[in-house]
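The structure appears below as structure tokens.
The values are calculated or read from the model by the stated rules, or taken from the named source; none is laboratory data. Values in this document were obtained by computation on a predicted structure and should not be read as measured data. Cβ placement follows ideal geometry from the backbone for every residue including glycine, while neighbour counts extend to all protein chains displayed. With ligands, DNA and RNA removed, areas are computed over all heavy atoms of the protein, side chains included. Shrake-Rupley method; radii C 1.70, N 1.55, O 1.52, S 1.80 Å.
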Amino acid sequence: MLSKEKILQVVAANQPEFVPLPEMNHGCLIEYSDLCAQFKTASENVGATVQRINDIQVLKEELKKEAEAGRFIINTIAGLGTINKQATLLPAARLNQLEKVYIKGTIGVAENAAVWVPESNMLNRLLPFIAEHLVLLLEKKNIVTTLHEAYQRIDISTAGFGVFIAGPSKTADIEQSLVTGAHGARSTKVYILE
Amino acid sequence: MKVALFIPCYIDQFYPQVGIATLQLLKRLGCRVSFPLQQSCCGQPMANSGFATRSKGCDNNFIDNFKHFDYIVAPSGSCVLHIKEHLKSETHPEEAAHIRGTIYELCEFLTDILQVEYIKASFPYKVGWHNSCHGQRGLYLSSMSETVSPEFSKPERLLNMVRGLHLSIPRRKDECCGFGGIFCISEEALSVKMGTDRIKEHELNEVDYISSADVSCLMHIEGILKRNKNNIKTIHIAEILNSKL
Amino acid sequence: MKTTHAALAEKFIANTAQTDWHDRTLWLVRQKRDKAVHTLPEWEILREWASQIKNHTLSQLSEYLSEFEQKAKANGIVVHWAADAEEHNRIIYKIIRKHNIQNIVKSKSMLTEECQLNKYLEQKGIEVVDTDLGERIVQLRKEPPSHIVLPAIHLKKQEVSETFHRYLKTEKGNHDPQYLTEAARQHLRTKFIESQLAITGVNFAVAETGGFVICTNEGNADMGAHIAAVHIACMGIEKIIPKARHLAVFLRLLARSATGQPITTYSSHFQQPGPGQELHIVIVDNGRSKHLGRKDFRNSLKCIRCAACFNTCPVYRKSGGYSYHSSITGPLGAILNPNTDMKASADLPFASTLCGSCSHVCPVKIDIHEQLWKWRQVIVAEGYVSRKKKTGMKIISFVLSRPSFYRFSGKAGRWIMRTFPFLLKNKLNPWFHSREMPEAPKQSFRDWYLKHKP
């Protein structure tokens with residue numbers, strides 16, 4: 001533990017005089033007249049697709065059809081049908097074949113299209129990343145304006161892991177040409193339940 | 001209003017016409033202008049090279065020359081910024097502070113202090129404007145593309161008063177020309193590359209002149225233009241504002 | 001011979017097409033950033049908040065570090081402290097040995113770059129696979145990253161194609177970025193699945209919660225961290241922020257400043273180890289605590305590594321990352337590196353025109369160009385400039401501070417320029433190499449003034 005004490009000692013000796021935290025008055029923050037429309041625009045700008053639905057039935061049927069077609073799909077949303085717990089615990093080598101995963105997001109952020117997904121919703125931390133395609137379900141009432149508001153609504157300390165996801169995995173590391181599907185999901189689709 | 005004219009050393013030596021234009025312009029606008037005769041340099045060449053400790057002599061000489069005026073005006077954003085930020089004196093701190101607070105670059109003196117709304121000048125040419133970095137980002141002569149703030153430009157406001165002048169703004173409206181004081185020597189290749197690229201944009205706009213509020217940028221740009229036998233000419237804003245073509 | 005920024009820049013510029021491409025591409029990134037920030041009326045307020053939060057944090061850093069450690073431990077995270085790069089590398093090596101680990105993946109961490117972790121482990125016979133696409137490209141080419149956010153920005157797709165053809169057996173001559181990215185995806189998926197250890201960086205560590213956040217667009221940090229049985233996250237002591245709600249401020253600024261995105265695709269919040277996993281954090285000093293004591297320079301510890309200062313810097317854009325001859329390049333490297341190795345970095349603060357664009361794009365308001373100016377003073381005071389330059393400055397300051405000498409020299413100089421132009425118009429004069437000298441007028445402004453005085 002020698003280094004710890006040494007580091008903290010030098011830091012304490014060298015840190016400047018106390019500076020207070022800023023007063024952060026949220027009155028100056030951007031506002032949108034239609035949060036849902038803004039969320040959709042922001043999502044499309046980051047390469048996600050958005051579909052607004054009035055009835056969860058739409059999604060249930062899509063899931064059912066895909067399961068019947070024998071495709072490797074995992075559902076983690078209780079309201080959509082059965083959840084195959086065993087499947088979520090498969091080893092990475094097997095999940096590497098996973099075509100699609102359905103996960104519920106708890107908060108959507110209108111300014112940047114980010115959807116908050118806590119560990120409890122994804123069942124296995126790997127799922128939203130390793131699946132070829134990611135489907136997120138978001139309730140319209142859970143769309144907030146900015147990240148500031150999002151962090152007021154979520155408590156990051158309660159989840160072992162949580163992630164804001166905005167669109168599909170992407171990279172522009174080759175000549176700044178944008179390519180989707182770098183390492184994570186190739187596509188992200190967000191269903192907004194009205 | 002007692003106004004002292006500060007003519008930076010390289011303008012004094014190589015571009016006297018800029019000093020003349022500045023003096024005549026200020027007089028036409030009703031200022032009582034003096035030129036303190038023992039002035040030399042602001043000390044920036046030493047300070048920007050890391051030898052700020054060696055600029056003490058310049059600092060003292062500057063204070064001796066300029067301590068008794070209401071305002072000090074210079075046709076160089078860069079030198080003015082240097083004085084504003086770095087003029088110090090252990091023996092005469094109050095006089096140094098007075099100078100730091102009352103020195104102005106020509107354009108800002110015209111728009112902010114004299115509040116000029118009309119200038120009798122004509123210059124029937126297409127003029128490409130070059131924002132000098134120290135004037136823009138140091139003295140806030142204009143808004144900059146980096147920050148989110150209302151757009152404004154004191155030099156452009158003045159140039160828009162000139163009859164016949166066609167103002168042209170390059171696409172990268174506030175990119176550095178690569179002069180940079182000591183940089184233009186120590187990083188010669190890069191400095192020339194940066195200057196050449198700025199010129200290219202003005203060439204695309206088919207300008208007759210490239211103008212700026214800083215002679216140092218213009219000296220560098222002019223050097224490249226002349227070497228390449230380019231017909232575009234350089235001119236300081238004071239010369240345009242004092243022009244009756 | 002010592003390689004300086006000026007010499008390396010000259011070499012880079014010699015390839016005009018490549019330089020212009022580099023300049024244009026990074027300027028485009030800067031423009032994307034402009035477009036993104038101009039959609040937020042509160043942008044300047046956000047910058048101010050971020051700056052103040054960081055100033056506050058630095059003023060309480062020892063307290064926040066202790067709080068963070070305590071909370072992280074309570075979360076089941078193993079916390080290590082490393083005084084320097086060597087200790088950082090040793091800690092990681094010990095974990096690797098303990099678990100007898102063979103397969104290691106790493107996502108982008110400038111800290112591990114600074115500590116030369118890959119090289120260290122390589123010498124012990126351990127291979128680390130970099131998984132960020134750009135980093136993987138330069139790793140295969142045995143090159144360092146040239147940009148902290150866009151590691152392979154110095155390469156054209158043809159060069160990437162050749163590298164991938166050689167190492168990943170892609171089709172020869174297929175330069176399509178989509179095709180090449182897909183090849184990397186398949187190649188790295190195998191590496192992820194086999195991995196036993198994932199090393200990542202940390203973007204923000206939250207004192208209040210003992211957790212940390214990693215931001216990526218590719219998802220590589222998550223692919224590694226959630227598959228491997230052991231996850232080691234490496235962070236510099238300055239990565240701390242006090243509260244979870246402060247993440248909002250920094251995440252809003254980071255991606256917009258870096259690439260013009262409103263947020264990175266993934267902002268992953270690690271709070272506890274995953275089921276059956278081991279989670280380690282290595283907190284590294286490596287000169288930072290000393291830097292904190294430098295009043296004029298501590299401000300740079302506020303940096304969130306967005307690289308907006310790189311993209312905006314005309315010197316960086318037109319001279320490339322390698323001309324900075326250090327692991328952290330660009331204007332940021334120019335103010336950080338002199339702290340750890342002043343002699344080797346003595347030229348870097350001079351690789352700037354002091355145009356000030358960097359300080360104004362910086363999302364946490366680091367006074368970058370002012371620090372460059374101040375480093376110049378320190379470097380001169382510590383004697384890291386040539387004798388020639390020193391003597392020259394002595395003469396110049398002597399002349400300029402004595403008005404009569406100045407006038408005499410000016411007059412003599414102009415007379416020489418007119419009479420013996422070849423004295424100045426020659427190869428030894430760097431000004432004249434590609435620029436004409438200004439015309440030397442017969443009379444100075446002062447001469448004219450004395451004649452025309454009212």
- Matching entry among A:A150, A:A159 (being modelled with pLDDT under 95 and among the small types (G, A, S)): A:A159
- Query: Which of the residues that make up region B:1-33 are open to solvent by 20 Å² or more (accessible area, probe 1.4 Å), of a type in the set (S, T, Y) and modelled with pLDDT of 95 or more?
  - Reply: B:Y15
- If you go through region C:33-54 one residue at a time, do you hit one that is hydrophobic (A, V, I, L, M, F, W, C), under 15 Å from C:A307 (Cα atoms) and within 9 Å of chain A (Cβ to nearest Cβ)? no
- Task: Give region B:154-181 a look and list any residue that's crowded, with 21+ Cβ neighbours inside 10 Å, farther than 19 Å from C:H369 by Cβ and without any contact (Cβ under 8 Å) to a residue 60 or more places away in the chain, or say none.
- Result: B:K154, B:P170
- Residues located in region A:36-61, provided they are surrounded by fewer than 19 Cβ atoms within 10 Å (Cβ to Cβ) and touching a helix residue (DSSP H, G or I) at 6+ places or on another chain (Cβ under 9 Å): A:C36, A:T49, A:Q51, A:R52, A:I53, A:I56, A:K60
- For region C:98-138, enumerate the residues that are part of a helix (DSSP H, G or I) and open to solvent by 20 Å² or more (accessible area, probe 1.4 Å). C:K98, C:H99, C:M110, C:E113, C:E114, C:N118, C:K119, C:Y120, C:E122, C:Q123
- A:A131 in contact with a Leu (Cβ under 8 Å, 6 or more places away or on another chain) and open to solvent by less than 10 Å² (accessible area, probe 1.4 Å): yes
- Task: Considering only region B:132-245, give the helices (runs of 4 or more DSSP H) lying wholly within it that have at least 1 residues that are more than 8 Å from every other protein chain (Cβ to nearest Cβ).
- Result: B:154-159, B:188-204, B:215-227, B:237-241
- Only one of B:N48, B:N65, B:N61 that is open to solvent by 10 Å² or more (accessible area, probe 1.4 Å), within 16 Å of C:R407 (Cβ to Cβ) and touching a residue at least 40 places away in the same chain (Cβ under 8 Å): B:N65
- Message: Please list, ordered by residue number, the strands (runs of 3 or more DSSP E) wholly in region B:1-110 having 2 or more residues that are of a type outside the set (A, V, I, L, M, F, W, C).
- Response: B:32-34, B:103-105
- Query: Does B:Q38 qualify as being in contact with a helix residue (DSSP H, G or I) (Cβ under 6 Å, 6 or more places away or on another chain), within 24 Å of C:K442 (Cα to Cα) and surrounded by fewer than 20 Cβ atoms within 10 Å (Cβ to Cβ)?
  - Reply: yes
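Results for (1) aromatic (F, W, Y); (2) in contact (Cβ under 8 Å) with a residue 60 or more places away in the chain; (3) within 24 Å of A:V115 (Cα to Cα), shown as yes or no for each residue.
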{"site": "A:L8", "(1), (2), (3)": "no, no, no"}
{"site": "A:Q15", "(1), (2), (3)": "no, no, no"}
{"site": "A:Q51", "(1), (2), (3)": "no, yes, yes"}
{"site": "A:I83", "(1), (2), (3)": "no, no, yes"}
- Give the number of residues within region C:300-344 that are within 14 Å of chain A (Cβ to nearest Cβ) and at pLDDT below 95. 1
- Item | Residue identified as under 23 Å from C:V206 (Cβ atoms) and in the same structural domain as C:Q196 (by TED's automatic domain parsing) among C:I104, C:I126, C:I91, C:I95 | C:I91
- Note on the structure: When every residue in region C:81-121 that is polar (S, T, N, Q) and touching a residue at least 60 places away in the same chain (Cβ under 8 Å) is compared, the one farthest from C:G333 (Cα to Cα) is C:Q102
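Each row is one residue, and each column tells you yes or no for (1) in the same structural domain as C:Q70 (by TED's automatic domain parsing); (2) at pLDDT below 95; (3) buried (at least 24 other Cβ atoms within 10 Å of the Cβ).
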| site | (1), (2), (3) |
| --- | --- |
| C:T200 | yes, no, yes |
| C:F212 | yes, no, yes |
| C:A221 | yes, no, yes |
| C:A248 | yes, no, no |
| C:T264 | yes, no, yes |
| C:Q272 | yes, no, no |
| C:G293 | no, no, no |
- strands (runs of 3 or more DSSP E) lying entirely in region C:229-294 (those with 2 or more residues that are more than 7 Å from every other protein chain (Cβ to nearest Cβ)): C:230-236, C:278-284
- Message: I'd like to verify a number: residues in region C:19-59 that are open to solvent by 40 Å² or more (accessible area, probe 1.4 Å) and part of a helix (DSSP H, G or I), how many?
- Response: 10
- Message: Of everything in region C:156-174, what is assigned to a loop (DSSP other than H, G, I, E, B) and either facing chain A (nearest Cβ under 9 Å) or among the charged types (D, E, K, R) (or both)? Give them in sequence order.
- Response: C:K156, C:K169, C:E171, C:K172
- Message: Cβ-Cβ under 8 Å, sequence separation 6+ or interchain: first residue in region C:126-142 and within 10 Å of C:L188 (Cβ to Cβ) and away from chain A (no Cβ under 13 Å), partner in a helix (DSSP H, G or I) and β-branched (V, I, T). Which pairs?
- Response: none
- Note on the structure: Exactly one of C:G260, C:G293 is in contact with a helix residue (DSSP H, G or I) (Cβ under 8 Å, 6 or more places away or on another chain) and without any contact (Cβ under 8 Å) to a residue 40 or more places away in the chain, and that one is C:G293
- Picked from region B:202-231 (must be without any contact (Cβ under 8 Å) to a residue 40 or more places away in the chain and over 20 Å from C:K425 (Cα atoms)), the residue least open to solvent (accessible area, probe 1.4 Å) is B:E203
- Note on the structure: Taking region C:60-97 and keeping only residues that are in a helix (DSSP H, G or I) and either on the phi > 0 side of the Ramachandran plot or of a type in the set (A, V, I, L, M, F, W, C) (or both), one is left with C:L61, C:L65, C:F68, C:A72, C:A74, C:A85, C:I91, C:I92, C:I95, C:I96
- Task: Any residue in region C:390-416 that's among the basic types (K, R): show its pairings with residues that are part of a helix (DSSP H, G or I) and open to solvent by 60 Å² or more (accessible area, probe 1.4 Å) at Cβ separation under 9 Å, as long as the two are six or more apart or on different chains.
- Result: C:K394/B:R54
- Hey, C:Y316 open to solvent by 10 Å² or more (accessible area, probe 1.4 Å), out of contact with any Leu (no Cβ under 6 Å at 6 or more places or on another chain), touching a residue at least 12 places away in the same chain (Cβ under 8 Å) and within 28 Å of C:H22 (Cβ to Cβ) or not: no
- Note on the structure: Per the filter on region C:61-86, residues within 7 Å of another protein chain (Cβ to nearest Cβ) and surrounded by 19 or more Cβ atoms within 10 Å (Cβ to Cβ) are C:L61, C:S62, C:L65, C:W81, C:A82
- Item | helices (runs of 4 or more DSSP H) lying entirely in region C:349-454 (those with 3 or more residues that are open to solvent by less than 80 Å² (accessible area, probe 1.4 Å) and among the small types (G, A, S)) | C:403-419
- Query: Which members of region A:161-171 meet the condition of being open to solvent by 10 Å² or more (accessible area, probe 1.4 Å) and farther than 30 Å from C:D176 by Cα?
  - Reply: none
